[in-house]
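Everything on this sheet refers to the single structure shown next.
None of the figures in this text is laboratory data; all of them are computed from the coordinates on show. Note that the coordinates shown come from a computational prediction; the quantities given were computed from them, not determined experimentally. Glycine gets a Cβ as well: all are built from the backbone with ideal geometry, and neighbour counts include every protein chain shown.
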Amino acid sequence: MKVRILVSFKDSVLDPQGQTVKNALHTLGYDGVREVRQGKVFELELAGVSEEDAGKLVPEIAHKVLANPIIEKYTWQVIKD
Amino acid sequence: MKFGVVMFPGSNCDRDTFHVLKDVLGRDTVFLWHKDHDLRGVDTVVLPGGFSYGDYLRSGAIARFSPLMQEVRAFAHRGGHVLGICNGFQILLELGLLPGAMLRNKGLKFLCEFVHIRVENARTDFTRAATKGRVLRIPIAHFDGNYYAPEGVYAGLLRTNRVVFRYSDADGRIAADANVNGSMGSIAGIINDGGNVLGLMPHPERASESLLGSEDGRVIFESLIASRIAGKRLKK
């Protein structure tokens, strides 16, 4: 099974890279872009794991390793081929 | 007294730190390899600057899982002295031995320059040879040094006097333009609740010989030595 985890800054944390991208988009005339948040994507291939097991395993991995819970949040989903 | 300097793949200030402790200050010093499980009887562990594991994932995020760091964590919980410099500070944050996290510098640039930091608390084992308010001229070299802590954690640091260094101007004034990386409260270094684990972003090992432009960094190592000689830990 494949899962995709998206890690990004919490709303309360300033994201200067996202801000810079937003400013660049405004410079190019994309004035309608109100906000940009930059993040990281991880794809994990899990062997011998049921969807139910993944529901425990993936948050554990995301919380312990992939995200720093002090500044980052995450979402995840199973990728269907 | 015996110092141990930890080497991770990607550490690049390990030899400088070793040189200052061993050759400049004349102290027994050994290297500690990140894969080992043995602290080799050291009294003080120094986590040096650099880019452990290439800064992959987040600065310090992978180093915290190395075998030796589990020993360092236990050592710190027993009250052993741990000094984290730059990447070493980032590792201590990721490990949870110090509170908070590092964000990218406010200007999104890698900063490599001399800065001034003010000693905010001279009643620690890492600063007892200095005086409160003393301004130190020490270089920084980092991309992720913009200190952040959730509001309650930050308030706790202030309440318990655990901000040890702040970025200042040459006269010791705390000002927005002296806060080079945008850190919350101009924080350059903090200490843990037990007073035995300190992290700072500037590099005292690069400012410990007049030949290199400043000797101000020595006071941190000399404080640790003085603390050891005095044989007791100062209460914060």
> Each residue of the range B:58-72 in turn: what ³J(HN,Hα) in whole Hz from Karplus with 6.51, -1.76, 1.60 and θ = phi - 60°, glycine and Pro shown as x?
Replying inline: 8, 4, x, 6, 8, 4, 5, 8, 5, x, 4, 5, 5, 5, 5
>> Relative contact order of the range B:1-61, please, whole-number percent, based on alpha carbon pairs below 8 angstrom and at least 6 residues apart.
In response: 48
>> What number results when the radius of gyration of the range B:85-236, computed over Cα atoms, is divided by 2.2 N^0.38 Å?
In response: 0.96
> Of all the Cα-Cα pairs you can form in the range A:1-48, what percent are over 16 Å apart?
Replying inline: 54
>> Within chain B, which is the longest segment that contains none of the chymotrypsin sites (Phe, Trp or Tyr not before Pro) sitting in a DSSP loop with at most 15 other Cβ atoms within 10 Å?
In response: B:111-236
> Using alpha carbons only, how many degrees (0 to 90, rounded to 10) separate the axis of helix A:16-27 from the longest principal axis of chain A?
Replying inline: 50
> Taking every eigenvalue of the Cα gyration tensor of chain A, multiplying by 5 and rooting it, what semi-axes result, largest first, whole Å?
Replying inline: 31, 15, 8
> Rounded to the nearest 0.05, what FRET efficiency do B:Asp23 and A:Glu35 have when you use their Cβ-Cβ distance and R0 = 41 Å?
Replying inline: 0.20
>> What's the magnitude of the charge dipole for the range B:3-59 around its Cα centre, counting Lys and Arg as +1 and Asp and Glu as -1 at the beta-carbon? Answer in Debye, nearest 20.
In response: 80
>> Roughly how far apart, in whole Å, are the Cα centres of the range B:110-176 and the range B:1-79?
In response: 22
>> I'd like to know which of A:Met1, A:Leu14, A:Gln77 lies farthest towards the positive end of the charge dipole of chain A, counting +1 on Cβ of Lys and Arg and -1 on Cβ of Asp and Glu.
In response: A:Leu14
> What 222 nm value per residue comes from the helices of chain B, counting each DSSP H run with n ≥ 4 as -39,500 (n - 2.57) and dividing by all residues, nearest 500 deg cm²/dmol?
Replying inline: -6000 deg cm²/dmol
>> Can you give me the Kirkwood hydrodynamic radius for the protein assembly as shown, using every pair of distinct Cα atoms, in Å to one decimal?
In response: 20.6
